Amino acid sequence: MEFQARRGEWFCAREWARLLGDQGRQAEALEVLAPYVATGWWPAAHAQAELLESWGRAEEAIALARPHAAAGGLSLEFFGRLLARHGHQDEALVLLSAGIEDRLIATALVEVAEGAGRDEDIAALLVARIPVEHRREDLSCRSGLHPDTAIGLLAAIRERQGRVDDAIALLRTRQHITAVNGHDQLADLFARHDRIGELRGYAASEYHGHAAKRLAEVLEGRGDVEGAIAVYREPGDSPARLHHGSVRLAELLARRGRGDEAIAVMRVVADSPGGAEDWIVDTLCTLYADHSRARDGLAYLDTLTARRDGEEEWAFFRLRLRLLAGCGSLDDAIAQARTHPERDTWYAARTISDLLAEAGRTEEAVTALEAHPPANSTVLAGHLVDLGRIKDAVAVLQREPEPVVPPWTDAFPTEPPF
């Protein structure tokens, strides 16, 4: 790692500096990062500032990060939080307030303001960004802090002030952004304050199913498994809730040792009109494999293939290979993969190499991947490491991929990645 770091490999340099710091060799660590920091590159300054802070040298970290904060964005967010962590909360609030139109900075501002006695000042800034008439608009043309995001941040302030009813009323006015990363803020608020009846009512109407998921999690956590199951069995009128809820129900049943019921749930979805989507079938076949029913999974795929006039695209064929391996027919899986019409694609090469490696034929796995090195460099390097060919693995990872700019056409792609 040290050799690669000194050759200009940034990720190696960053990790080498961290390891040196852990060994108490702080001066050497800073020396490793110095050439990168000297270029004015923010990721390098960020890495060094984090190390300095972790070593108890916060003021040096602040001095290093300060010039970069003027660029806004991630550097300002980091700098504001850094200031707040080390007794400069007022300065942090001033700087972050100026960048409130950025969602990340606005979020940092609300979090940094906690305990500073400035909640109402920050709330006023957010209120100014929520139109009185919060109507539907063209999101693609909007810049700055979206009103729904401002509402969510304002609701967070109201909740920590103890004004839970105000927070709930605010969140009910959102138009578009009701969930982030699968978490619905209103559902989480109901759960935190044990307002299960309101959470249940919200779950019954929330389109995406995030509230139903939160309700089911609460009930399962309290030992009411049947109640959680009942939540998922009431999908409402939303296709999103029907499919995602069924997957979550199957996962719950599988966690509780009820694998056959989980499979039955997914089989109903997969057999419904339009239900045999790749991710649904993937979930079903995974359940078959995990519950020692690989042959039943193969029989299902045979039925699905027959419905599709005997054609089995790779997205489904790869599931067949996994099930064949689960039946102990690994060599058969490899043989079938090598005769599939898509066998010469980069994504098929990756699957074939995995099967070969599982069979202990790692040299052949490497050969399968070498025809598609740019797309499969990480997997190829892993197999080379397993063979003890460390220098070859490093060379693969250092290889510059050839830039490919596909010509624009009006046609949709027909091959992965879509």
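If I take every Cα pair under 8 Å that is 6 or more residues apart in segment 178-256, average their sequence separation and divide by the length, what percent do I get for the relative contact order?
Relative contact order of segment 178-256: 23 percent.
State, as an integer percentage, the relative contact order of segment 274-328 based on alpha-carbon contacts under 8 Å between residues 6 or more apart.
Once normalised by length, the contact order is 45 percent.
May I ask you to list the trypsin sites (Lys or Arg not before Pro) in segment 164-232 that are in a DSSP loop and have at most 14 other Cβ atoms within 10 Å of their Cβ?
R172, R222
Quick check on the exposure proxy: order Y207, Y202 from fewest to most C-beta atoms within 10 angstrom.
In increasing order of surrounding Cβ atoms, one gets Y207, Y202.
Counting Lys and Arg as +1 and Asp and Glu as -1, each charge on the Cβ, what is the dipole of the chain about the Cα centre in debye, to the nearest 20?
It works out to roughly 480 debye.
If every alpha-carbon in segment 26-113 counts as one equal scatterer, what log10 I(q)/I(0) does Debye give at q = 0.15 1/Å?
-0.52
If Lys and Arg each add +1 and Asp and Glu each add -1, what is the summed charge of the other residues whose beta carbon sits under 12 Å from the beta carbon of I100?
-2
Which of T149, T345 comes first, and how do the rest follow, when ranked by fewest Cβ neighbours within 10 Å?
So the ranking, lowest neighbour count to highest, is T345, T149.
Could you please report the charge total around L19, scoring K, R as +1 and D, E as -1 over all other residues with beta-carbon less than 13 angstrom from its beta-carbon?
-1
How many nm is it between the label spots at H86 and I390, if each spot is 7 Å from the Cα in line with the beta carbon?
3.6 nm
How charged is the neighbourhood of V366? Take every other residue with its Cβ under 13 Å from the Cβ of V366, and add Lys/Arg as +1 and Asp/Glu as -1.
Taking every other residue near V366 into account, the sum is -3.
Over the chain, how many percent of alpha carbon pairs lie in each 20 Å bin up to the one with the longest distance?
19, 38, 41, 2
Pick out which of H383, H193, H46 has the largest mean-square fluctuation in a Gaussian network model of the chain, springs linking Cα atoms closer than 10 Å.
H193
Starting at the first residue of segment 50-65, write each ³J(HN,Hα) from the Karplus equation 6.51 cos²θ - 1.76 cosθ + 1.60 with θ = phi - 60°, in whole Hz, x for Gly and Pro.
Going residue by residue, I get 4, 5, 4, 4, 5, 8, x, 10, 4, 5, 5, 4, 4, 4, 5, 7 Hz, with x marking Gly and Pro.
Using helices alone, I'd like the mean residue ellipticity at 222 nm for the chain: each DSSP H run of four-plus residues gives -39500 (n - 2.57), total over residue count, nearest 500.
Value at 222 nm, helices only: -20000 deg cm²/dmol.
Since every read-out is calculated from the coordinates, none of them should be taken as a lab result. On a predicted model such as this, the values are computed, not experimentally measured, just so you know. Virtual Cβ from ideal backbone geometry, glycine too; neighbours counted across all protein chains shown.
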